[in-house]
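Read the structure below first, then the notes.
The values are calculated or read from the model by the stated rules, or taken from the named source; none is laboratory data. The shown structure was predicted, so the numbers you read here are calculated from the model rather than taken from an experiment. Cβ coordinates were reconstructed from backbone atoms using ideal geometry, including for glycine residues, and neighbour counts include every protein chain displayed. These area figures cover heavy atoms from the full protein model, side chains too; ligands, DNA and RNA do not enter into them. Shrake-Rupley method; radii C 1.70, N 1.55, O 1.52, S 1.80 Å.
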Amino acid sequence: MHQYTGKLAVLHPSADDKRKSQELADRLSVPLYETIDKECPEDFFLSWRDGCLKLLDKELLKKGGLVVDIEPRNGEQRSWPAPKQDALAHALGRKTRTVVDATTGWGQDSLHIFRMGYDLTCIERSPVMAELLEDGFKRLEQVDWMRNLQLQSPKLLKGNAIELLATLESKPDCIYLDPMFPPKRRKSALAKKSMVVLRDLLGDDQDKELLFEAALKATGKRVVVKSPDYAEPLGGKPSESYHGKLLRYDVYLKN
Ligand SMILES: C[S@@+](CC[C@H](N)C(=O)[O-])C[C@H]1O[C@@H](n2cnc3c(N)ncnc32)[C@H](O)[C@@H]1O
């Protein structure tokens, strides 16, 4: 796998046990560094810090890094399951039980869907994001409410959803898509740092039309596409749309 060559390295800035970092670097076929100097060609780094796997760019090296955030969102009820009351829950559908998030990324939508009590499977094709998600999902299994309720983190399938969706054992009620759309402006002041880094690392998802077609084939009942409010609907006119802040959930019902 050469997709991260020259772009990403694993950073292990201490002398202690390097084994985990070396294995991570080997899995991703990227170099392992103990220090970084100006000559270093890579722009992104994975590093274990404070018990979490973190993604850093050069700006974040001193400030900390980005992790899969497993904390409930602001305002989200802290018990499980959280109420299904926002635009996303309406888009997923009242009768929906099983959801596949085919574009898991930082897992923020996935974790929200999981906390609302849906039976969730996650798919992510970027090996770097999959490593970060695995770390986040492991941490999630250690938190008190998950242990008390004997819940397991969502299942994570690694690979291209365009292929994986065709291999699902049973059709989920809903397939959720949040591919990377090109930004309206080159640099949006509103974009979250985690999304800026994700875009810089992976680029836009050029094959989202193919992903939509694969999702429509593989779903039992509906496909939900999250898109910025300025973007054209991915699958033509949707059956329903629900509006959030600067975004839209387009719902495509399967006949
Ligand atoms: C905009 S991000 C998703 C953000 C996510 N909804 C969240 O809440 O953090 C898009 C992610 O989908 C992944 N992705 C895009 N197309 C995919 C595909 N065909 N199969 C699997 N993953 C895909 C990208 O690698 C990227 O990590």
Residue with peak Gaussian network fluctuation, the chain [Cα springs, cutoff 10 Å], from P183, P154, P233: P183
Relative contact order computed over region 89-144 (Cα-Cα under 8 Å; 6+ residues apart), in percent: 35
Net charge of Cβ neighbours under 14 Å - reference L55; Lys, Arg +1; Asp, Glu -1: -3
Residue (of P41, L92, A25) at the positive-pole extreme of region 6-95, dipole from beta-carbon charges: L92
Gain on full stretching of the segment that runs from E141 to D204 - 0.36 nm per residue minus C-alpha separation: 19.6 nm
Within region 1-109: Cβ-based charge dipole about Cα centre, in debye rounded to nearest 20 (Lys, Arg +1; Asp, Glu -1): 540
Accessible surface, per residue, of the chain when the full set of protein chains is kept, probe 1.4 Å, Å²: 55
Across K62/K193; K155/K237; K54/K193; K155/K208; K155/K192, pairs whose alpha-carbon gap is larger than 21 Å: K155/K237; K155/K208; K155/K192
Total formal charge among the other residues, if their Cβ is under 10 angstrom from that of I36, Lys/Arg +1 and Asp/Glu -1: -2
Dipole in debye (nearest 20) - the chain, about Cα centre, beta carbon charges: Lys, Arg +1; Asp, Glu -1: 800
Label-to-label distance, nm, for residues given as L32 and A87 (7 Å Cα→Cβ offset): 4.5
Gap separating the Cα centres of region 193-255 and region 61-136, nearest whole Å: 16
Residue with peak Gaussian network fluctuation, the chain [Cα springs, cutoff 10 Å], from G107, G236, G220: G236
The chain: C-alpha gyration tensor shape, a/c 1.5 cut-off, then a/b vs b/c: prolate
Cβ-defined net charge surrounding P72, 12 Å radius [Lys, Arg +1; Asp, Glu -1]: 0
Shape category assigned to region 93-156 from the gyration tensor of Cα positions, a/c cut at 1.5: oblate
Average Cα contact separation per residue, region 8-60, under 8 Å, 6 or more apart, as relative contact order %: 38
The chain: relative contact order as a whole-number percent, Cα under 8 Å and 6+ apart: 15
Share of carbon and sulfur in the accessible heavy-atom surface of region 8-60 [1.4 Å probe, %]: 47
GNM top mover of G51, G75, G136 - the chain, alpha-carbon springs below 10 Å: G75
